[in-house]
Amino acid sequence: MKARPKVKRIVGLTGTPSSNGMMDLWAEFRLLDMGERLGRFIGQYRTAYFTPDKRNGQVVFSYKPLPGAEKAIYDKISDITISMKSTDHLKMPELVNAEYTVHLSEREKNAVRGFEAEFGAKPAEW
C-alpha cells in the first residue's frame, strides 16, 4: 500500500476473487483503487454491507452479507472489473482417468513409512 500511490496503472488478475465470500473483495479493491469504491477501511465495508454471523459474545468470527449487499458491491466495482467464465474461453480435452499400480520393495515401503512418520501423515495401507 505504501508503493501504490506511486503506481499509475495496476492490473489485478485472480482466478477466484471471492473464494471465501464477499468479505475477501475489500482488500483486493482497496489495493486497486485506494479505497474509492468499497471504503478505505475494512470496518466501513463491514458496516455498509455485512452483519455479524458467528460470534462468541463480542468476538465476531464471521460476517454475512446484508440483503442486497452482493448486488450493491458488484455495482460499485463493475466499472473496473471484468468477470469471465472458463467455460466461455477454454476448450479443454475430455478428462482421462488412469490408475497405475506401483509395487514397492520392502526397502522402499520403509522409506515411505519413515517419511509419513516424520511429517505426521497416517501410515499407508500396504
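The values are calculated or read from the model by the stated rules, or taken from the named source; none is laboratory data. Just so it is clear, the model here is predicted, and its values are computed rather than measured. When we count neighbours, we look across all protein chains shown, and the Cβ atoms used for this are built from the backbone with ideal geometry, even at glycine. Ligands, DNA and RNA are excluded from the accessible area calculation, which covers all protein heavy atoms including side chains. Shrake-Rupley method; radii C 1.70, N 1.55, O 1.52, S 1.80 Å.
Considering only segment 56-115, state which residues are touching a Lys or Arg at 6+ places or on another chain (Cβ under 8 Å), farther than 30 Å from R9 by Cβ and either β-branched (V, I, T) or assigned to a loop (DSSP other than H, G, I, E, B) (or both).
V60, F61, S62
May I ask you to verify whether R30 is of a type outside the set (S, T, N, Q) and within 15 Å of S78 (Cα to Cα)?
yes
Kindly provide the set of residues from segment 61-107 that are of a type in the set (D, E) and open to solvent by 90 Å² or more (accessible area, probe 1.4 Å), ordered by number.
E70, D79, D88, E94, E99, E106
Would you please name the residue that is farthest from G15 (Cα to Cα), looking only at residues in segment 116-126 that are open to solvent by less than 100 Å² (accessible area, probe 1.4 Å) and part of a helix (DSSP H, G or I)?
It comes out as A117.
Enumerate the pairs (first residue in segment 26-46 and closer than 17 Å to I10 by Cβ; second residue anywhere and crowded, with 20+ Cβ neighbours inside 10 Å and charged (D, E, K, R)) with beta-carbon separation below 6 Å, excluding pairs fewer than 6 apart on the same chain, so at least 6 apart or on different chains.
Hits for this filter: F29/R37.
Can you give me the number of residues within segment 10-55 that are assigned to a loop (DSSP other than H, G, I, E, B), closer than 26 Å to S86 by Cα and open to solvent by 70 Å² or more (accessible area, probe 1.4 Å)?
7
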